[in-house]
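The values are calculated or read from the model by the stated rules, or taken from the named source; none is laboratory data. What you see is a predicted model, and the numbers here were worked out from it, not measured in a lab. FYI the Cβ positions are ideal-geometry reconstructions off the backbone, even for glycines, and counts take in every protein chain you see.
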Amino acid sequence: MTDDTSQDSSRRLYGRRKGRPLRKRKSGLIDTLLPVLELPVPQPGDRIEPMVLFGKPVSDVWLEVGFGSGHHLAWQAEHNPGIGHIGCEPFVNGVAGLLSLVEQANLDNVRILPDDARPLLDALPDASIGRAFVLFADPWPKKRHWERRFIGPDNLPRLARVLKDGAELRLASDDMGLVRWMLEHAVRHPDFEWTARRPGDWRERPADWPPTRYEQKAIEAGRKPVFLRFVRKPRAS
C-alpha cells in the first residue's frame with residue numbers, strides 16, 4: 001500500500017507503485033518516451049483542455065483509469081486513430097508496458113498520467129470526455145477497504161461531470177463482490193443508465209472491447225468476467 005502523506009485522506013493512493021525491476025528496454029522507455037507522452041499531475045485549480053493534448057486534431061478524447069499493462073488502451077488507440085486516449089496508471093511496470101506497445105505500434109494519440117486519476121478528473125472541463133473505462137480494478141475485497149474502490153460515491157460524480165451526454169462508462173471485473181458494488185452505485189447514480197437488456201449484455205464482451213491478459217488469466221482460473229456498460233444521461237437544458 002502506498003500512502004501519499006502530502007495529500008489529505010481522500011487523495012491517498014493505495015496499491016503498488018513498482019513491481020519487478022524493469023528490463024533495459026522498458027527502463028529506457030521510461031527515460032525517453034514517457035517524458036514525451038506524460039501529463040503532469042494537475043494541481044488544485046488547474047484546468048486542462050483534453051482536445052489540445054495530442055499534437056494533432058482529434059475528434060474526441062477517451063479516458064482509461066488504471067490501464068494495467070496497457071493492452072486495452074493500446075488496442076483502442078490503434079483502432080481509433082482519430083480519437084485521443086488518456087491513460088492513468090500509477091504502477092510503473094504498467095506504464096512501461098503501455099510505452100512498449102505505443103512504440104511498437106507507433107501510436108501518436110496516447111497521453112499518460114503515471115499517477116492517480118482523480119486530480120485529472122477534477123481538472124477536466126465539464127462534458128469533455130467521450131468514453132471512460134475502468135477495467136478489472138483492484139476489488140479491495142476486505143470490507144474495511146471498500147472505500148478504496150474507484151467506482152463509488154466519491155468518483156462517480158467526477159465521471160458524470162466530465163463525460164459528455166450519451167458517453168459510455170465501461171466497467172469490468174471478475175470479482176463478483178466488486179461487480180455487485182459497482183452495479184449498486186452506478187445504477188443508483190442519477191446521471192447513469194445501465195444499457196443491459198439481456199444476460200448476454202454483461203456476460204459477453206462487445207466486439208470493440210478487446211480481451212486483456214488479466215482477463216485471460218481470470219478465465220483460466222475459473223472466474224467469469226462481467227462487462228458493464230453505462231450511458232451518461234443527457235443534462236437538463
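Give Pro190, Pro141, Pro114 a once-over and let me know the one that is at pLDDT below 95 and more than 20 Å from Ile83 (Cβ to Cβ). Please lay out each step first, then the result.
Numbers: Pro190 fails: at pLDDT below 95; Pro114 fails: at pLDDT below 95.
Residue meeting the stated conditions: Pro141.
So Phe150 fits all but one of (1) in contact (Cβ under 8 Å) with a residue 60 or more places away in the chain; (2) in contact with an Asp or Glu (Cβ under 9 Å, 6 or more places away or on another chain); (3) of a type in the set (A, V, I, L, M, F, W, C); (4) closer than 21 Å to Ala77 by Cα; what number is the exception?
Among (1) in contact (Cβ under 8 Å) with a residue 60 or more places away in the chain; (2) in contact with an Asp or Glu (Cβ under 9 Å, 6 or more places away or on another chain); (3) of a type in the set (A, V, I, L, M, F, W, C); (4) closer than 21 Å to Ala77 by Cα, Phe150 violates only (4).
Does the stretch 199-208 include one or more residues that are among the small types (Gly, Ala, Ser), out of contact with any strand residue (DSSP E or B) (no Cβ under 8 Å at 6 or more places or on another chain) and either within 18 Å of Arg118 (Cβ to Cβ) or surrounded by fewer than 13 Cβ atoms within 10 Å (Cβ to Cβ) (or both)?
Residues of the stretch 199-208 among the small types (Gly, Ala, Ser): 200, 207.
Cutting the leftovers down to out of contact with any strand residue (DSSP E or B) (no Cβ under 8 Å at 6 or more places or on another chain) gives us 200, 207.
If we keep only those that are either within 18 Å of Arg118 (Cβ to Cβ) or surrounded by fewer than 13 Cβ atoms within 10 Å (Cβ to Cβ) (or both) too, we end up with 200, 207.
The answer is yes; a qualifying residue exists.
How many residues, within the stretch 167-197, are surrounded by fewer than 16 Cβ atoms within 10 Å (Cβ to Cβ), part of a strand (DSSP E or B) and among the aliphatic types (A, V, I, L, M)?
Adding up the residues that qualify gives 0.
What tally of residues in the stretch 55-88 results from selecting those that are assigned to a loop (DSSP other than H, G, I, E, B), in contact with a strand residue (DSSP E or B) (Cβ under 8 Å, 6 or more places away or on another chain) and under 18 Å from Leu99 (Cβ atoms)?
4
Give the stretch 142-166 a look and list any residue that's touching a strand residue (DSSP E or B) at 6+ places or on another chain (Cβ under 9 Å), surrounded by 14 or more Cβ atoms within 10 Å (Cβ to Cβ) and not hydrophobic (A, V, I, L, M, F, W, C), or say none. Break it down stepwise before answering.
If we filter the stretch 142-166 for residues that are touching a strand residue (DSSP E or B) at 6+ places or on another chain (Cβ under 9 Å), which is where we start, we get 150-151, 155-156, 159-160, 162-166.
In the following step, the residues that additionally are surrounded by 14 or more Cβ atoms within 10 Å (Cβ to Cβ) were identified as 150-151, 155-156, 159-160, 162-164.
Once the filter is applied, which keeps residues that are touching a strand residue (DSSP E or B) at 6+ places or on another chain (Cβ under 9 Å), surrounded by 14 or more Cβ atoms within 10 Å (Cβ to Cβ) and not hydrophobic (A, V, I, L, M, F, W, C), the stretch 142-166 yields Asn155, Lys164.
Go through the residues of the stretch 81-104 one by one and say whether even a single one is closer than 16 Å to Leu39 by Cβ and of a type in the set (S, T, N, Q).
Among the residues of the stretch 81-104, not one is closer than 16 Å to Leu39 by Cβ and of a type in the set (S, T, N, Q), which makes the answer no.
Scan Lys217, Lys224 and give me the residue that is in a helix (DSSP H, G or I), surrounded by fewer than 18 Cβ atoms within 10 Å (Cβ to Cβ), without any contact (Cβ under 8 Å) to a residue 60 or more places away in the chain and of a type in the set (D, E, K, R).
Working: Lys224 fails: in a helix (DSSP H, G or I).
It is Lys217.
In the list Ile30, Ile48, which residue meets the criterion of being within 18 Å of Gly87 (Cβ to Cβ), at pLDDT below 95 and of a type outside the set (Phe, Trp, Tyr)?
Working: Ile48 fails: at pLDDT below 95.
The match here is Ile30.
I'd like the full set of residues that are free of Cβ contacts under 8 Å to residues at least 40 places away in the same chain and more than 17 Å from Asp154 (Cα to Cα), limited to the stretch 99-132.
Leu101, Gln104, Ala105, Asn106, Leu107
Are any residues in the stretch 172-211 within 20 Å of Gly222 (Cα to Cα) and touching a helix residue (DSSP H, G or I) at 6+ places or on another chain (Cβ under 6 Å), and if so, which ones?
Hits for the stretch 172-211 are Ser173, Asp174, Pro210.
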